[in-house]
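Below: the structure, in structure tokens.
Throughout, read-outs are computed from the coordinates displayed, never taken from laboratory work. A quick note: this is a predicted structure, and the numbers were derived from the prediction, not measured. When we count neighbours, we look across all protein chains shown, and the Cβ atoms used for this are built from the backbone with ideal geometry, even at glycine.
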Amino acid sequence: MKNNDFSSYWKNLNPLSFLSCAGILVMASSRLAHAIITAGAILFVFCLSSLVISAANNFLPKLARSVLYAFISSFFACVYLFVLWIISPLCALETFFIIMLSPVLFIAQGEKKHSQILKPVDALYSSFFESLVQGILIMIFAIIREPLGFMSLSVPAGRHGIVFLFSTDADAFFQIHLIASSGGALLLLGYFLGLFEYFNKNKKIKEDN
């Protein structure tokens, strides 16, 4: 980011700009453990891919840049998956498909944006904050969905796969099965976007007055 103005980045952040991660958000937020692993994958792929692309920007052929972007981001996704496989094979099996969607998310952010970032440091800062915000959103949804849908909360645990910080009876009275489904996640996402629009409009009205 230009001038390293991190505070302005957070101040001007618009969650609507991250709707491209809605698919991954729905799939990864069913369990907090999966959300943490997915957030790490997004952070890893975004930062390293942007760093390599910006460093080699002048040497990449213009005609095949979109293909090269896909290849570079997919390569780093495979590296992350390989490391995860060594650390926790069970987690790697459970999140394989979600991790391999992280390059798609990277490309969905816009080829034009990636090609405009010339300085590696600026590319790293920008990608770090963008991927961090998306990872945090996924984990927030998981913290809401897993306790309400499964009455449990899980974290990654090495070769043991995932462990539960707490887990109650599956037939607990307060369990909301809808939240655990994809439809429930989309419904929750709709409520979040509605609240954002509501507070955003009120903020604009106050500023105009």
Pair PHE97, ASN58: separation of 7 Å Cα→Cβ label points (nm)
4.4 nm
Got a sec? How would VAL83, VAL52, VAL45 order by Cβ neighbour count within 10 Å, fewest to most?
VAL83, VAL52, VAL45
Given a Förster distance of 41 Å, report the FRET efficiency between ILE205 and SER182 from their Cβ-Cβ distance, rounded to the nearest 0.05.
0.70
Figure the gain on full extension for LEU132 and THR168 (residue separation times 0.36 nm, minus the Cα-Cα span) and round it to one decimal in nm.
9.9 nm
